Amino acid sequence: MQLRQFKHEVCAKSQGATRDFTDSLRPASPSGPDILTKERNQSDVPIEELAQHLLGHNNFLTRQDRVLRVLENEPLFDKSKQMNLSRPERYHLGLARAKKLRRLSDQHGWDDEDHSMAQYLCDDVSPYMVHYAMFITTIREQGDEQQRAYWTPKIEAGDVLGCYAQTELGHGY
């Protein structure tokens, strides 16, 4: 017996109930993406003008187009099959993607903003986020001249990966 039919019979017997509206629910037709496309096509909002107004500063859109063209040609960044990956598989995929981003940065001569854009477009939690968000920033903003001179070239070359540790007074013993 199918589970749905079984559940319906159990509910009907236990509550003396009849069928309800959920028995006949079906996915909408047309689908959500089809409806969204139709609505977008009917809009008279000047999309390019709006995009330039909202995102055109600091060459954001130009940078996005340039970096996106590179990422779209890399099979590793295809997300169509990642929904059912386990946590360890997602972690390994994140490592591979972060490593590929680093290689693409070197190959295409990307600066920090280009690399940040690639991370943004990849839209994944990278195992190296602490390195980029905390370690580099800490060296840059809290290191003295001598420390920056020593560490920055190693960090930029990818020879050093950093981490970040924080303690809080009164938490733990």
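Selection over segment 101-115 of residues that are under 23 Å from E89 (Cβ atoms), free of Cβ contacts under 8 Å to residues at least 40 places away in the same chain and surrounded by fewer than 17 Cβ atoms within 10 Å (Cβ to Cβ) gives a count of 1. Scanning segment 74-89 for residues that are surrounded by 10 or more Cβ atoms within 10 Å (Cβ to Cβ) and over 22 Å from M117 (Cβ atoms) yields L85, E89.
Per-residue answers, yes or no, for (1) part of a helix (DSSP H, G or I); (2) outside the structural domain of Q64 (by TED's automatic domain parsing); (3) free of Cβ contacts under 8 Å to residues at least 24 places away in the same chain:
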position: S80; (1), (2), (3): no, no, yes
position: L85; (1), (2), (3): no, no, yes
position: L95; (1), (2), (3): yes, no, no
position: A98; (1), (2), (3): yes, no, no
position: M117; (1), (2), (3): yes, no, no
position: M134; (1), (2), (3): yes, yes, no
position: I139; (1), (2), (3): yes, yes, yes
position: Q146; (1), (2), (3): yes, yes, yes
position: V160; (1), (2), (3): no, yes, yes
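The values are calculated or read from the model by the stated rules, or taken from the named source; none is laboratory data. No experiment lies behind these values; they were computed from the predicted model shown. Glycine gets a Cβ as well: all are built from the backbone with ideal geometry, and neighbour counts include every protein chain shown.
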